[in-house]
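See structure below.
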Amino acid sequence: MKSTEAQVGVADPLQDASTVLLFEESRPGRIGFSLPTDDVEEQPLDALLPGVALRSQPPALPELSEGQIVRHFTKLAHANYSVDEGFYPLGSCTMKYNPKIDDALASLDGFTALHPLQPLSTVSGTLAVCEALQRALAEISGMDCVSLHPAAGAHGELGGLLVIRAYHEAREPGQRTEVLIPNTAHGTNPASAAMAGYRVVEVPTDIQGNIDLGALKQLVGPQTAALMLTNPNTLGLFEQQITEVTACLHDVGALVYYDGANMNAILGVARPREMGFDVVHLNLHKTFATPHGGGGPGAGALGVRDFLVPYLPGEWVERDGEEYRLTHGEASIGRLRAFFGNVANLIRALVYIRCMGAEGLRHAAETAVLNANYLLAHVRELFSPAYDRSCMHEFVVSASVLKQRGIKAIDVAKRLLDYGFYAPTIYFPLNVPEALMVEPTETESKATLDAFADALRAIVQEAQTYPQVLREAPHRTPVGRLDEVTAARHPKLVFTSSDYAR
Ligand SMILES: Cc1ncc(COP(=O)(O)O)c(C=O)c1O
């Protein structure tokens, strides 16, 4: 990655060279491959595409050999960090190891060679996979019907809130205008509620780290459309009064939305349905071990109780004997995206669920909780836990104990990169000062957890003896400490020719 003006650390000349290589090494006529002369008669391009879609000039791409290109991208790939390379305790993201068998089966020709506009009668195998996944997710969440349509968790949130809105509007037009959201919630919750046209009302957290039930009771009313909640919540704590919380909403005719981002903690142990939730999204790229990608390719399957099925977005698969067909709700909120979802990831999720089985899924959740508590037992002597309780699949501690040394949560996170680990989530949830949010997941060994705890111990020691090394970290990564304020104020979103002229 090329360093920018925003970078204050020392640039790595090797990395810079690899980035500009594609353009600087370009030589007219150099090509990546050569093939025998084509003996198939070529159709003129404008017979295949409308003239307006055709370029008048060829693209100004660098001319390079195949080997140069492979080296360039291999170097870039090595500059990246992934869960295949090491521990990735990014709280709230469930960065568990993604088994390779999921990729192998999703890569079968019978799946990859399909076109989304193919007649449905020719894709019954893929529809069968989707239908089996819908059933599995309905069983896991307790919902009556699941649509695989949304592309991510946040997309599922928007879909779920539009479903809630359609339901209320059909019964009491214009009456319900507010969505309640705890102050610990993930930022996508209020954003989705606002996009669905609701006023967001914040609910405080009590001294135990639960949603404040007393305050909630004061806030609900005939204007309330829904409460959005994740359980365990984003503090990694199980909501101890969850059935009272959901009943409080139902008592005033409102609905309850379950943000399924933290489902990994309760798989096979507890279900949102029994807790009283009406709508659920499940992030397949977290709980069900499919890749996260850079903001995708995710999948945020949306499940609802029976009375909300007519409003579901997009289509879902229905089985009729040996036949599979797509169906949609009679009052559907419509499509949120093209086609049927990220099918390759849906296949991966089903393979994961089938390989694990019901017992395996429960074991994964129990191990995720055990791993988090094991790590918390080490970490609580270094940083103060946000709430003094045992945790679920993740925990939040505060780095403010290092404040008198001038060290912040971001310094700890950056220094962890030098120790070969990905950093925890920082500064979230917002109600915890200098928050470090750690989610080890079930796929990490005791040895890895011990090594991570040792690294944190060493960093706390460095904060006492040589804090500057933390303030300037990371020192061993392809890109050093960035000026995040400049990066946020003046983001460079487009790569232009002046970038590689530099
Ligand atoms: C608690 C919570 N809710 C919602 C989301 C949004 O999910 P996605 O990233 O799939 O859009 C996240 C993502 O990290 C999350 O942690």
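The values are calculated or read from the model by the stated rules, or taken from the named source; none is laboratory data. Just so it is clear, the structure is predicted and the values come from calculations on it, not from any experiment. No Cβ is skipped: glycine too gets one built from the backbone with ideal geometry, and neighbour counts run over all protein chains shown.
For the residues PRO491, PRO478, the requirement of being under 30 Å from GLU25 (Cα atoms) and in contact with a His (Cβ under 9 Å, 6 or more places away or on another chain) singles out PRO478.
Out of the residues in segment 93-107 meeting the condition of being in a loop (DSSP other than H, G, I, E, B) and not polar (S, T, N, Q), tell me which one is nearest to THR367 (Cα to Cα).
LYS96
On inspection, GLY314 does not qualify as on the phi < 0 side of the Ramachandran plot and in contact with a strand residue (DSSP E or B) (Cβ under 8 Å, 6 or more places away or on another chain). Among the residues of segment 109-118, are any out of contact with any Cys (no Cβ under 7 Å at 6 or more places or on another chain) and surrounded by 21 or more Cβ atoms within 10 Å (Cβ to Cβ)? Looking for residues that are out of contact with any Cys (no Cβ under 7 Å at 6 or more places or on another chain) and surrounded by 21 or more Cβ atoms within 10 Å (Cβ to Cβ), one finds none in segment 109-118, hence no.
Please work out which residue is nearest to the chain's Cα centre (by Cα), limiting yourself to segment 87-97 and to residues that are of a type outside the set (D, E, K, R) and within 15 Å of the ligand (Cβ to nearest atom). Ranking the candidates gives CYS93 first. Does ASP411 satisfy the criteria of being surrounded by fewer than 20 Cβ atoms within 10 Å (Cβ to Cβ) and within 24 Å of ASN80 (Cα to Cα)? Considered against the rule, which asks whether it is surrounded by fewer than 20 Cβ atoms within 10 Å (Cβ to Cβ) and within 24 Å of ASN80 (Cα to Cα), ASP411 comes out as no.
Please give the number of the condition PRO272 fails out of (1) more than 14 Å from the ligand (Cβ to nearest atom); (2) within 25 Å of LYS96 (Cα to Cα). Just one mismatch for PRO272, condition (1).
All told, LEU127 meets the bar of being assigned to a helix (DSSP H, G or I), more than 16 Å from the ligand (Cβ to nearest atom), of a type outside the set (Phe, Trp, Tyr) and modelled with pLDDT of 95 or more.
Just checking, which of GLY142, GLY153 is touching a residue at least 60 places away in the same chain (Cβ under 8 Å), touching a Ser or Thr at 6+ places or on another chain (Cβ under 8 Å) and assigned by TED's automatic domain parsing to the domain that holds GLU322? Matching residue, one of GLY142, GLY153: GLY153. Quick check, is MET263 within 12 Å of the ligand (Cβ to nearest atom), in the same structural domain as GLY159 (by TED's automatic domain parsing) and either among the charged types (D, E, K, R) or at pLDDT 95 or above (or both)? Judged against the criteria, MET263 is a match. Within segment 139-161, restricting attention to residues that are more than 16 Å from the ligand (Cβ to nearest atom) and over 14 Å from ASP278 (Cβ atoms), which residue is surrounded by the fewest Cβ atoms within 10 Å (Cβ to Cβ)? Checking each candidate, the answer is GLU139. Of the residues screened, ILE164 is not one that is of a type outside the set (Gly, Ala, Ser), over 21 Å from PHE307 (Cα atoms), assigned to a helix (DSSP H, G or I) and away from the ligand (no atom under 16 Å from the Cβ). Within segment 276-299, if we keep just the residues that are surrounded by fewer than 24 Cβ atoms within 10 Å (Cβ to Cβ) and within 16 Å of the ligand (Cβ to nearest atom), the residue that is nearest to THR246 (Cα to Cα) turns out to be GLY298. For segment 421-434, the tally of residues that are crowded, with 20+ Cβ neighbours inside 10 Å, aliphatic (A, V, I, L, M) and more than 23 Å from THR287 (Cα to Cα) stands at 1. Looking at segment 446-466, is at least one residue buried (at least 19 other Cβ atoms within 10 Å of the Cβ) and aromatic (Phe, Trp, Tyr)? The answer is yes; a qualifying residue exists.
Within segment 167-188, restricting attention to residues that are within 16 Å of the ligand (Cβ to nearest atom) and either outside any loop (DSSP other than H, G, I, E, B) or more than 22 Å from the chain's Cα centre (by Cα) (or both), the residue that is nearest to GLU239 (Cα to Cα) is PRO182. Only one of the numbered conditions (1) within 18 Å of THR448 (Cβ to Cβ); (2) in contact with a strand residue (DSSP E or B) (Cβ under 8 Å, 6 or more places away or on another chain) is violated by TYR374, and that is (2).
Does ALA191 meet the test of being modelled with pLDDT of 95 or more, within 16 Å of the ligand (Cβ to nearest atom), outside any loop (DSSP other than H, G, I, E, B) and not assigned by TED's automatic domain parsing to the domain that holds LEU436? So ALA191 passes the test.
Does segment 192-228 hold any residues that are among the small types (Gly, Ala, Ser) and either closer than 18 Å to GLU239 by Cβ or over 27 Å from the mean Cα position of the chain (by Cα) (or both), and which are they? If the condition is that a residue be among the small types (Gly, Ala, Ser) and either closer than 18 Å to GLU239 by Cβ or over 27 Å from the mean Cα position of the chain (by Cα) (or both), then GLY209, GLY214, ALA215, GLY221, ALA226 are the ones that fit.
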